[in-house]
Amino acid sequence: MNIPSKYESSKIEEKWYTYWLENEYFRSEPDHRKPYTIVIPPPNVTGVLHMGHMLNNTIQDVLIRRARLKGYNACWVPGTDHASIATEAKVVARLKERGISKNDLSREEFLEHAWDWTREHGGIILEQLKKLGASCDWDRTKFTMDDDMSASVIKVFVDLYNKGLIYRGYRMVNWDPEAKTTLSDEEVIHEERQGLLYYVSYPIEGEDEKIVIATTRPETILGDTAICINPHDERYAHLKGKKVVVPICNRVIPIIFDEYVDMEFGTGCLKVTPAHDVNDKNLGDKHNLEVIDILNDDGSLNAYGLHYEGKDRFVVRKEIARELEEKGYLLKTEKHLNKVGTSERTKAVIEPRLSDQWFLKMEELAKPALKAVLEDEEVRLFPKKFENTYRHWMENIRDWNISRQLWWGQQVPAYYYGEGKEDFVVAESASEALILAREKTGNSTMSLSDLRQDPDVLDTWFSSWLWPISVFGGILEPENKEVKYYYPTNDLVTGPDILFFWVARMVMSGYEYRDEKPFTNVYLTGLVRDSQRRKMSKSLGNSPDALKLISDYGADGVRVGLLLSAAAGNDLLFDEALCQQGKGFANKIWNAFRLVKGWEVSETEAKTPVSEVAVKWYRSKFAQTLAEIEDHFSKYRISDALMATYKLVWEDFCSWFLEMVKPAYGSPINKETYQKVIEIFEDNLRILHPFMPFLTEEIWQHVEERRVEEALVVARWPEYADLDENLLEGFSLAAEVISGIRTVRKEKSIPFKDSLELYTVGLKSDLDSELADVVRKLGNISTIGEAQEKTAGSASFRVGAQEYFIPLSSAVDVEAEIEKLQEELIYVEGFLKSVRGKLANERFVNNAPEKVVAIEKQKEADALAKIETIRDSLANLQEK
C-alpha cells in the first residue's frame, strides 16, 4: 500500500468515522457478553461544543473504546436535555426578533415554535461530537422530551405524589424575574456584591419620636408590615405596644418584639417585609402579620408601589432613596458588602417570593443515596475528596421545588376541577384524571372540559435524574431486557458543579425505582480554564472554537492535548500548545510507521544479537507499562495513563527500540525480526487507540489488508505477559552509558560516523555481553574495555558507581577544546558570583519565600559542581 508522506487528519478522520458507522461498530444489543455502559451527561439541546464538552466526552470515549477492546459489550448512550429555562429564553428571544410576544400566543402555538427551534438546533452538538471521534451508539440517541422519556417523568411524578412525597405548598421560593420562573435552591448562585446600607427613620405614631432602621433594600419599605426589636434591647423597651408610620405610603404598622433580631446589626431595629424575605416571612407567620407583595413577576413594582408602579426594582431603589432623602427620612448611607442570590441560568438577581409550588420531600429519598456513597461504597467518587461535598449536600437536604413557570417541558400532571386549593387530582392522563375527579367529587356528570391542567412544567432536572433508567425504558417497563442487561451502568463522567443537581439525584432515583445504584464509578473532571486560570467564557473571549482546534490540530491532537493536563477533579489549564504537542505526537507515530514500512525485508538476512535483545527488552518494557496503565485506569487517572503510553511510544519505542532494530544503511532486515517489530507496533496501536482512534485505525489498516471484523476499533486489548526485570534493569544501565557517550559526542562535536573506544576505570563494566552489543551499535563504539586509570586527554562520565572514559586523542582538537572550556569556566564563575551575592543579602534571605531561597542555594551547589568538572577536564587536556 502507498503510505502518504504526511498524516492528513481531516481526510483520515472523515474516512474512518464513516467506516465505523457503516459497519455498526458502536452499536450494542444485549447478548452473552458482559456489558460496559456509559450514559452521556445530556448537553443542552440549544448548545454547541465547548471545551468542557470536549474534555468530558474525550474521557468517556477513551473509557468506552478501551472497554470495547477488552471484549465488553460497550454501550455509550448519547442524547440531549430539553433545558427548559435556556431553551424557552432562546425561543422567546427569536419570537421577539420577529415581532411576536409569547403573551400573544397560546401554549400550543408557543410549543410549535419551541419544537421548530429544537429540530433546527437539537442535533448540532451531537454532530460536533462525531468530529471529536465519540463512539456512541447513535441509534440509541435520546432527548428528554421524547414521548417515552416524558411519559417516564409523568409516571414518576404520579407515583411519588401517590406515595405522599410530592405536595403543593405556599412557600417562599427563589424567583427569577428574567425567566419568570421559580428556581431550586441549588440553581441559585450566591455572590458577594458591594451595595449600600440605608438608614431610614420611621415616625412613632402620634409622637415626635422616630426610630431608625438599616436596610439594603429601601424599595421594599412599601411592603413593610411591622418593625421588630429584640425584647432584651433596653434602648427600645419603652416602645412596647406602640406603632410606627411607614414613610411615603403612610401605612401604620405595629412594633413587635422577637429574639430573632440581632441587637448589634445596624440600629437593632428590623423592618419586616414578609412577602420579600424568607426570615421576615417566618416572623410574619409567628406574629400574624399582613403579607404585602409589591412586585410583579418581572421584578417591576405593582399597585402597592404607588407612584413607582411599573418601574424596575433597581430603578425604584435609586428613586425612592432620593425621595426619602428629600422628605427627611433617609439619614445616611454606608457601603455594605452583601451576599446576593443570582440565577445560575440568566444571571438575574433572585427575588424571594411567596408562591404556590410543587415540592418533592427529599429526606427519605436521600438516606439510601447517602449510605451508598459514604458507607457501603457502592458508588465511588473520583477524586475521593468530593465525598465531603456530597455529604454536606445530602445531610442538609431541603425539599426540592420541582415546578417551573414555563411552557417548555413536561407539564405538571395535576388537574383542577374547582377553585379551592385542594380541588385537584394527579394522574398520568386527562382521561384518568377525569375518573379520579368524578370519584373525589361524586359528580358523575363531570367532563374533560371541566378539568384545567396545571400550567407549570417540571424542573428539567426532574427528567434528567431518571436518565440512566429511562434511556433503557426502565420506568415504563421495569422488567424489560434492556434495563435488566445494561443497568446499573458502569461509569459516569461529569463535572463537580452538578454533583448534587444531577449525580446525587440520579443515585436517589436509582434506589427508589430500581433498588440499586445507577452507576458504580463517578469520574469528576475539573473546569477547563485558560493559562491565566480564568474560567473559559464567551464574554472573556478566551474560549477557543472547538471545531477550529480539531481542524488545526486533528481530533487526535486535540484529545491528547486536553488529556495531558486533565487530572481528575483538578482544573485543566488549557493551552493550545498542548494540542500542538498532541499533533506532534501523531506525526511522530506516523513517521515511525513510515520508517518501519520503508525497510527492505529479507528471509536470508541473519538475525542480529542487538535486534533479539531489543525485542525481548521492549516486550518486557511494554508489559511493565501495561500494568502501570491498568493501575492508572483503575484509579481513573486517565491523564497519567496517557502519559505512560506517551512515554512508552515516544521514548522507549521510537527513541530506543527502533534505533536498536533498524538495519544498517542499505541493508535489509531479517524477516522474522521485522514481523516481531510489526507485532510490537500493533500492540502499541491497541493501547494508543482509546486516546488517538483515527491515527491508530489508519496505521492499523495500512499494516496489512484487514477484513471488516479485523478493524482496530474491535480488536483485542493486549494480554499481560511476563517481564524480565533483570533485563529491564540492565537496559537502564546501558541506556545511561549510551546517553553518556552521546553527551561526549555532542560536547566535543564528534560525528556519529567516527567510532570511539569506551573504557571503565578499575572495575569491569556491569554491562553483560548482550547489552554491550547494544552500546556498541547505538554509541558506535569499536571497543569496550577496562583500564586501571584514565588516560590523559580523555572525556569521562559516571553511571552509578562506575566511571567510564573515552580517549579523545584523535577525535578532538585539544587547543580548541581548552579554549571552549576556559570560556565556559569564566561564565559559570560569574554566575556563581551573582548567586552568592543574592545569598549574602540578608534582606533577600529573610524576606523571600523559603522555596525561593532553597532554589538559589541549589543553583550555588550546581555551579560549584560544574566548576569542579570543568577544571578536571581542563587538567586532563593540559596534561596532554
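Tabulated values for the structure
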| item | result |
| --- | --- |
| Tabulated pairs, region 378-406, first of a type in the set (S, T, N, Q), second in a loop (DSSP other than H, G, I, E, B) and open to solvent by 10 Å² or more (accessible area, probe 1.4 Å), C-beta under 7 angstrom, 6+ apart or interchain | Ser403/Asp456; Gln405/Lys180; Gln405/Asp456 |
| Scope region 557-590; condition in contact with a Leu (Cβ under 6 Å, 6 or more places away or on another chain) and over 30 Å from Phe386 (Cβ atoms); matching residues | Ala586 |
| Criterion (of a type in the set (A, V, I, L, M) and under 30 Å from Phe574 (Cα atoms)) met by exactly one of Val507, Val522 | Val522 |
| Leading residue by the ranking (nearest to Asn570 (Cα to Cα)) among those in region 358-394 that are of a type in the set (A, V, I, L, M) and part of a loop (DSSP other than H, G, I, E, B) | Val379 |
| Only one of Val48, Val62 that is outside any helix (DSSP H, G or I), among the aliphatic types (A, V, I, L, M) and under 30 Å from Pro518 (Cα atoms) | Val48 |
| Pair list, Cβ under 6 Å, 6 or more apart: region 30-50 residue closer than 21 Å to Gly71 by Cα, other residue surrounded by fewer than 24 Cβ atoms within 10 Å (Cβ to Cβ) and among the hydrophobic types (A, V, I, L, M, F, W, C) | Tyr36/Ala67; Val39/Val77 |
| Arg404 modelled with pLDDT of 90 or more, closer than 25 Å to Leu183 by Cβ and surrounded by 19 or more Cβ atoms within 10 Å (Cβ to Cβ) | yes |
| Extreme residue, most open to solvent (accessible area, probe 1.4 Å), among residues of region 848-878 that are under 20 Å from Phe797 (Cβ atoms) and among the acidic types (Asp, Glu) | Glu868 |
| Of residues in region 272-307 being open to solvent by 10 Å² or more (accessible area, probe 1.4 Å), more than 44 Å from the chain's Cα centre (by Cα) and in contact (Cβ under 8 Å) with a residue 24 or more places away in the chain, the one farthest from Asp224 (Cα to Cα) | Lys286 |
| Cβ pairs under 7 Å, 6+ apart, first in region 106-119 and in contact (Cβ under 8 Å) with a residue 12 or more places away in the chain, second open to solvent by 30 Å² or more (accessible area, probe 1.4 Å) | Arg107/Trp407; Phe110/Lys102; Phe110/Trp407; Leu111/Trp407; Trp117/Lys90; Trp117/Arg94 |
| Subset of region 733-764 [surrounded by 13 or more Cβ atoms within 10 Å (Cβ to Cβ) and free of Cβ contacts under 8 Å to residues at least 24 places away in the same chain] | Ser739, Arg745 |
| Flag for Arg94 being open to solvent by 10 Å² or more (accessible area, probe 1.4 Å), in a loop (DSSP other than H, G, I, E, B) and not hydroxyl-bearing (Ser, Thr, Tyr) | no |
| Any chance Ile687 is under 30 Å from Trp20 (Cα atoms), touching a Pro at 6+ places or on another chain (Cβ under 7 Å), open to solvent by less than 10 Å² (accessible area, probe 1.4 Å) and not in a loop (DSSP other than H, G, I, E, B) | yes |
| Among (1) modelled with pLDDT of 90 or more; (2) touching a helix residue (DSSP H, G or I) at 6+ places or on another chain (Cβ under 9 Å); (3) within 24 Å of Asp754 (Cβ to Cβ), the one test that Glu829 misses | (3) |
| Single match in Ile125, Ile85, Ile100 (criterion: under 26 Å from the mean Cα position of the chain (by Cα), among the aliphatic types (A, V, I, L, M) and farther than 18 Å from Gln411 by Cβ) | Ile125 |
| Residues located in region 517-567, provided they are without any contact (Cβ under 8 Å) to a residue 24 or more places away in the chain, small (Gly, Ala, Ser) and surrounded by fewer than 16 Cβ atoms within 10 Å (Cβ to Cβ) | Ser537, Ser539, Gly541 |
| Region 664-683 residues that are under 13 Å from Lys597 (Cβ atoms), paired with ones that are surrounded by 13 or more Cβ atoms within 10 Å (Cβ to Cβ) and of a type in the set (S, T, N, Q) (beta carbon under 8 Å, 6 or more apart) | Ile669/Ser602; Ile669/Ser611 |
| Only one of Ser449, Ser463 that is among the polar types (S, T, N, Q), open to solvent by 30 Å² or more (accessible area, probe 1.4 Å) and either at pLDDT below 95 or not in a loop (DSSP other than H, G, I, E, B) (or both) | Ser449 |
| Residue list for region 424-445, restricted to those being touching a residue at least 24 places away in the same chain (Cβ under 8 Å) and surrounded by 17 or more Cβ atoms within 10 Å (Cβ to Cβ) | Phe424, Val426, Ala427 |
| Residue within region 56-74 that is hydroxyl-bearing (Ser, Thr, Tyr), at negative phi and surrounded by 22 or more Cβ atoms within 10 Å (Cβ to Cβ) present | yes |
| Checklist (1) crowded, with 19+ Cβ neighbours inside 10 Å; (2) of a type outside the set (Gly, Ala, Ser); (3) closer than 30 Å to Glu13 by Cβ applied to Leu595, failing item | (1) |
| Wholly enclosed strands (runs of 3 or more DSSP E) of region 117-211 bearing at least 1 residues surrounded by 15 or more Cβ atoms within 10 Å (Cβ to Cβ), in contact with a Phe, Trp or Tyr (Cβ under 8 Å, 6 or more places away or on another chain) and modelled with pLDDT of 90 or more | 166-176, 188-203 |
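The values are calculated or read from the model by the stated rules, or taken from the named source; none is laboratory data. Fair warning: this is a prediction, and the values are worked out from it, not measured in the lab. A quick note on method: Cβ atoms are made from the backbone with ideal geometry, for glycine too, and the neighbour counts reach across all protein chains shown. Just the protein is used for accessible areas: all its heavy atoms, side chains included, with ligands, DNA and RNA removed. Shrake-Rupley method; radii C 1.70, N 1.55, O 1.52, S 1.80 Å.
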